[in-house]
1. Does residue 24 qualify as being closer than 22 Å to residue 101 by Cα and either among the acidic types (Asp, Glu) or open to solvent by 80 Å² or more (accessible area, probe 1.4 Å) (or both)?
2. For the structure I just gave you, tell me whether residue 99 is surrounded by fewer than 15 Cβ atoms within 10 Å (Cβ to Cβ), under 17 Å from residue 34 (Cα atoms) and modelled with pLDDT of 90 or more.
3. Looking only at region 83-96, how many residues end up being open to solvent by less than 60 Å² (accessible area, probe 1.4 Å) and of a type in the set (S, T, N, Q)?
4. Just for region 59-82: of the residues that are of a type in the set (S, T, N, Q) and either open to solvent by 70 Å² or more (accessible area, probe 1.4 Å) or at positive phi (or both), which one is modelled with the lowest pLDDT?
5. Quick test of your reading of the structure: residue 47 fulfils all but one of (1) closer than 30 Å to residue 108 by Cβ; (2) in contact with a Phe, Trp or Tyr (Cβ under 9 Å, 6 or more places away or on another chain). Name the failing condition by number.
6. If you take the residues of region 27-58 that are more than 23 Å from residue 81 (Cα to Cα) and small (Gly, Ala, Ser), which of them is surrounded by the most Cβ atoms within 10 Å (Cβ to Cβ)?
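The values are calculated or read from the model by the stated rules, or taken from the named source; none is laboratory data. What you see is a predicted model; the values in this text were computed from it and never measured. FYI the Cβ positions are ideal-geometry reconstructions off the backbone, even for glycines, and counts take in every protein chain you see. Note: areas computed on protein heavy atoms with side chains; ligands, DNA, RNA excluded. Shrake-Rupley method; radii C 1.70, N 1.55, O 1.52, S 1.80 Å.
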Amino acid sequence: MFSYSEQLSQAAKAICTTQLSSAQAVTETAYQGGARLIELQLDAARSALAASTVAAQQLLSARDPKPLLQLSRTQSQLAMERIGSYGRQAKEVTQENQENFTAVTKGEFAASRQKFGELLHALKETPFPLINPFNNFLKSPFGAADEGYDKNTRPDH
């Protein structure tokens, strides 16, 4: 009887450890993605500030209305190009963050599923008559979660 309780204890401990590891991995991935977006924001702000300083100096140095209008038009086009470039970069960073988050989530979900399977196996091996209702209780919600995950991640499934 001691070995069964030890098996259950080790399986439960493994699940807790896996869940903590999963939470840490997901948090780290989210943090890294957020840091990349903030870095992009800061770079965009710096370049916009530098460009506006140059544009202001050029506009202030213009003596005639015609060059002033041409400079204004050129600076507007450059600003639109910077906005478009920022949008493309933000889209790339967001897509990379989503891919990283999906990969980490899939890996951590698989690890949790494996550890939970080990717990279920330990429960099946336990000779207590009260374990069967508990085992059936655990199978139904987690089986539905597995099925829902498979439906959402695999379109052909």
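1. Details: closer than 22 Å to residue 101 by Cα: yes; either among the acidic types (Asp, Glu) or open to solvent by 80 Å² or more (accessible area, probe 1.4 Å) (or both): yes.
Yes: the conditions hold for residue 24.
2. Numbers: surrounded by fewer than 15 Cβ atoms within 10 Å (Cβ to Cβ): yes; under 17 Å from residue 34 (Cα atoms): yes; modelled with pLDDT of 90 or more: yes.
It is true that residue 99 is surrounded by fewer than 15 Cβ atoms within 10 Å (Cβ to Cβ), under 17 Å from residue 34 (Cα atoms) and modelled with pLDDT of 90 or more.
3. Looking only at region 83-96, we keep the residues that are open to solvent by less than 60 Å² (accessible area, probe 1.4 Å), and these are 84-85, 87, 90, 93.
Next cut, of a type in the set (S, T, N, Q) only: 85.
Matching residues across region 83-96 total 1.
4. My answer is 61.
5. The single condition residue 47 does not satisfy is (1).
6. Initially, region 27-58 is screened for residues more than 23 Å from residue 81 (Cα to Cα), giving 27-35.
Okay, now just the ones that are also small (Gly, Ala, Ser), so 30, 33-35.
Working: 30: 14, 33: 18, 34: 11, 35: 10.
Looking at residues that are more than 23 Å from residue 81 (Cα to Cα) and small (Gly, Ala, Ser), I get 33.
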